[in-house]
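Below you'll find the structure, written out as structure tokens, and then a few comments.
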Amino acid sequence: MDKEKMILFMGIQASGKTTLYHKQFHEYVHINLDTLHTRNKEKIAIEECLAHRKSMVIDNTNPTRMDRARYISFARAHGYQVIGYFFQSRVADCITRNEKREKKAHVPRTAIAATSNKLELPDYEEGFDMLYFVHIEQGQMVIEEWIES
């Protein structure tokens, strides 16, 4: 059996994270603050996955190393493989996609810009086993192996 995985998405709002979850990772437990609403509920969901050895996708913006560290340390402590997906985050493109969202999923433009200003590129030093770069070309998601600069 494959090792359990924690998939960690990183990117500003409306960069395609939830869309990729539904297209490629729907069999994993979906952990998202937009639906769980509180860090406590998120922590409980993660602990339940760890206790039952379920693979999961952390579908939040996770813009900084510090934001990601809490998840990576949990996963590492439980023997999970940690895989990161960094989403190309062009503010103008994300604002355009955000405008097309349902009203309940719509976020303020200022939130998109603020998250973009905090966004830090990931690297393997953080504890990732694998890293990928995701971008959208002609309406299709393209996933490439991460290249350290």
Subset of the range 1-29 that is part of a strand (DSSP E or B) and of a type in the set (A, V, I, L, M) - its residue that is surrounded by the fewest Cβ atoms within 10 Å (Cβ to Cβ) | Val29
Determine whether the range 35-48 contains at least one residue that is in contact with a helix residue (DSSP H, G or I) (Cβ under 8 Å, 6 or more places away or on another chain) and part of a loop (DSSP other than H, G, I, E, B).
-> no
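Yes or no, residue by residue, for (1) surrounded by 14 or more Cβ atoms within 10 Å (Cβ to Cβ); (2) modelled with pLDDT of 75 or more; (3) part of a helix (DSSP H, G or I):
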{"residue": "Asp93", "(1), (2), (3)": "yes, yes, yes"}
{"residue": "Lys104", "(1), (2), (3)": "no, no, yes"}
{"residue": "Ile112", "(1), (2), (3)": "yes, yes, yes"}
{"residue": "Thr115", "(1), (2), (3)": "yes, yes, yes"}
{"residue": "Pro122", "(1), (2), (3)": "yes, yes, no"}
{"residue": "Phe128", "(1), (2), (3)": "yes, yes, no"}
{"residue": "His135", "(1), (2), (3)": "yes, yes, no"}
{"residue": "Ile147", "(1), (2), (3)": "no, yes, no"}
When restricted to Glu126, Glu102, Glu137, Glu145, the only residue touching a residue at least 40 places away in the same chain (Cβ under 8 Å), of a type in the set (D, E, K, R) and over 19 Å from Tyr28 (Cα atoms) is Glu126
Please indicate, with yes or no, whether at least one residue in the range 33-54 is of a type outside the set (Val, Ile, Thr), out of contact with any His (no Cβ under 6 Å at 6 or more places or on another chain), under 29 Å from Ala113 (Cβ atoms) and in contact (Cβ under 8 Å) with a residue 60 or more places away in the chain.
-> yes
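The values are calculated or read from the model by the stated rules, or taken from the named source; none is laboratory data. What you see is a predicted model; the values in this text were computed from it and never measured. Virtual Cβ from ideal backbone geometry, glycine too; neighbours counted across all protein chains shown.
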